[in-house]
1. Could you please find all residues in region B:192-212 being more than 22 Å from B:Ile151 (Cβ to Cβ) and part of a loop (DSSP other than H, G, I, E, B)?
2. Using beta carbons and a limit of 8 Å, which pairs, at least six apart or on different chains, have the first residue in region B:382-397 and open to solvent by 70 Å² or more (accessible area, probe 1.4 Å) and the second one not in a loop (DSSP other than H, G, I, E, B)?
3. Which of the residues spanning region A:143-168 are within 14 Å of another protein chain (Cβ to nearest Cβ), assigned to a helix (DSSP H, G or I) and of a type in the set (A, V, I, L, M, F, W, C)?
4. Just to verify a result, which residue in region A:259-297, among those that are over 12 Å from the mean Cα position of the chain (by Cα) and within 14 Å of another protein chain (Cβ to nearest Cβ), is surrounded by the fewest Cβ atoms within 10 Å (Cβ to Cβ)?
5. Could you tell me whether region B:173-186 includes any residue that is out of contact with any helix residue (DSSP H, G or I) (no Cβ under 6 Å at 6 or more places or on another chain), open to solvent by 30 Å² or more (accessible area, probe 1.4 Å), assigned to a helix (DSSP H, G or I) and of a type outside the set (D, E, K, R)?
6. From the set of residues in region B:114-133 that are facing chain A (nearest Cβ under 9 Å) and out of contact with any Asp or Glu (no Cβ under 8 Å at 6 or more places or on another chain), which is most open to solvent (accessible area, probe 1.4 Å)?
7. When the residues of region B:134-158 are narrowed to those that are within 12 Å of chain A (Cβ to nearest Cβ) and assigned to a loop (DSSP other than H, G, I, E, B), which ends up farthest from A:Asp156 (Cα to Cα)?
8. Residue by residue through region A:41-62, note down the ones that are β-branched (Val, Ile, Thr) and either within 7 Å of another protein chain (Cβ to nearest Cβ) or open to solvent by 70 Å² or more (accessible area, probe 1.4 Å) (or both).
Amino acid sequence: MQTHQEQVLPRPLSGRGETPWAGFGNWQQLALLAVLVALLIIGSMLSPNFLEARNLLNVTRQMAFVGIVAVAATVVILTAGIDLSIGAVVGLAAVAIGQAVQAGMDPVAAFAFGIVVGGAVGALNGLAVTLGRLPPFIATLGALVMIRGYALMLSDGRTIRLEDRAAEAAWLGSGEVLGMGVPVFVFVGIALATAAVLNGTKYGRYVRVIGDSREAARAAGLPIRRVEWSVYVYSGLLAGLTAAIFVSRLGVAEPTAGTGLELDAIAVVVIGGTSLFGGRGGVAGTILGVAALAVLQNILNLTGVSPFAQQVVQGAVVVIAVLVERLVNRSRE
Amino acid sequence: MTSRRLGSCTPDTGEASGTRRPCVVVAEERPERLTVRRTRILGRLGIAVVVALGMSSCAGGDDSSDPAGQAEPTAPDEASAPASGNPEGGAELSAYCTGECAEALELEAAAESIDCQVAVSWNGLDHSYGAATADRTEAAATAFPNMDVSILDGRSDATTQSQQVEDVISRGVDVLIISPADADALEPAVARARDEGIEVITADRTVEGDVLTHIGSDNVEAGQAAGEFIAEELQGGGAVVELQGSAGASPTIDRHDGIAQALETVEDIEVVADPIANYSRAEALAAMEDLLQRFGPGEVDAVVAHDDEMALGALQAIEEAGRSDEILVVGIDGTQEALERIKAGEMAATVVYPVTAPDHVYAAAKACAGEELPERIIMDSLLVTEENVSDVEGTTF
């Protein structure tokens, strides 16, 4: 840890020459980009339907669900934290939205309500980590179980149907603009905005420094707790947004929505080259990771690989990605 | 009647749909009618633990209003209501317990004479099937004024559920109705319950080892019924997509086997893809989107899903691709939404997978009375199409 602390620390603190794109273009991300391009070529060779407009619409939309949450996970992981409760928060926010619509709230207002609910849970997680000084893994693991339980309690374990309001609410999840799904635009917008903040603002540098070396951050007098708290709030807000898209897409609110989503998100973040120990990585890698995994999954589905073999492949990809990262970093040192 | 639910209850906030169940914790002072056969001290301790658990899991719930006070007077009303299934009065058996099933559950003793404690340990209440089970178990218990029924949520976790069974043993109940999260993992806990003299009834899912009786429908049969419908519709042969539930789960394996057996009977039917969608609508939607890309128009004739949630996800993908006319969608379970879509002519069929409540409560009552029960009580799997959909509405979950 000490070695890259010395490498990384001076750069973010200097504050010079940072552009919103500073996170792009390192070795690992170029490799990932190459893999993605290779997958696209392989896909188009293996299946005539791969490059069809409808398929691209599907893949990018499927990507957006994990993607939005993965962007939040990237920011949390950059602070050397982790948020295991994201998937459960998606479930709770979905129930909140479903019940709000059932109670007669306008779907758009209900979506906003869901996002607020997510943010509120995130704020509590953040307090547990900062004021309560709980290790993030423990705090959010506890939150995962509690929140999923609460979502099930509120909904009685049942799927909540939006009934005749479903059509009115469908634009966010099922709508299309220029042949692309609305969730894709939401995802891209959030990813770009987050990358810009991480790479172009003082706050973004704080996030990385805190994750890289807490002592250095403390010595530099950074507002560690406030920054840490804020990343959990952001995580909750984006989980709420994902819930809104889920509910809109399906026309029902499932209390089990988002089960296991935190693991998908963390896997994608890791594939994208963000270190679980904090400090290193960024949203650009995560976007590439999300895209690579979604395209891979799509190719496996289009070519009819057995579902069991698919799981083996997906797991292997995560391990290989981390292995490559290790090897690259070791050879650099 | 007193009923208690642990681990999953709804604070009495009064909102939404009539499906909420108030959080009921009644137990501070157990009356004398507690017919304890086991050591009282252990029983008391167990109750204390159970009450504490109940309280903590129902924070914010209204635990003071004791519905027993209201339920007792209503019981006679229900008893005097016309009851066809059970001559002793009370609620009827479900519509899926007919013939041998109904005969096996006919209670000879009077409902009032059933004086015992029953624990229902369900593998998970977080699905509409579990929720409906809990509702109907509570409703059925009102037919037996002196029966005490508590429902425990195993949260789909074998360890949690084993612990709950241990608690039930130390509390000292007379009958344990269990739907195990895992057939092997719950075996030791069930064996201990049996050793303590508790009558064990498995419902819906089976457990390794001996039990008094098992009540439930057969997942292989449900799969067969779905497969047979498709086989009949696709007499000239065709391509079928099978959407599978969670890999390795026994309902998944059984439903898959049943579907395979039925489809084998028609020569030219081929299952062209069988992705796993984990009983999730969202996952089925994504999987079907990809499959509709892989197979062009005319290359898929039917989709059979291991449950209705997945069938509805597939239906959404098919409708969005504009291919509703060429693909039949068949599910299993008979959820309310599936029935509505069948009625609207959008979904082809589903197979009702019956909730074992209220019937398992009658099995428990017979066990309390010491009456004989067969080894297996099999409930009916009913194929529902546009023709008979009106008959089954309200009887499913």
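The values are calculated or read from the model by the stated rules, or taken from the named source; none is laboratory data. Note that the coordinates shown come from a computational prediction; the quantities given were computed from them, not determined experimentally. Every residue, glycine among them, receives a Cβ derived from its backbone with ideal geometry; neighbour counts consider all protein chains shown. The area values use the complete protein model at the heavy-atom level, side chains included, leaving out ligands, DNA and RNA. Shrake-Rupley method; radii C 1.70, N 1.55, O 1.52, S 1.80 Å.
1. Of the residues in region B:192-212, the ones more than 22 Å from B:Ile151 (Cβ to Cβ) are B:195, B:208-210.
Result: B:Glu208, B:Gly209, B:Asp210.
2. Matching pairs, first to second residue: B:Glu386/B:Ile342; B:Glu386/B:Lys343; B:Ser390/B:Lys343.
3. Hits for region A:143-168 are A:Leu144, A:Val145, A:Met146, A:Ile147, A:Ala151, A:Leu152, A:Met153, A:Leu154, A:Ala166, A:Ala167.
4. Per the criteria, the residue is A:Gly260.
5. No: region B:173-186 contains no residue that is out of contact with any helix residue (DSSP H, G or I) (no Cβ under 6 Å at 6 or more places or on another chain), open to solvent by 30 Å² or more (accessible area, probe 1.4 Å), assigned to a helix (DSSP H, G or I) and of a type outside the set (D, E, K, R).
6. Per the criteria, the residue is B:His127.
7. Filtering first and then ranking leaves B:Asp157.
8. A:Ile41, A:Ile42
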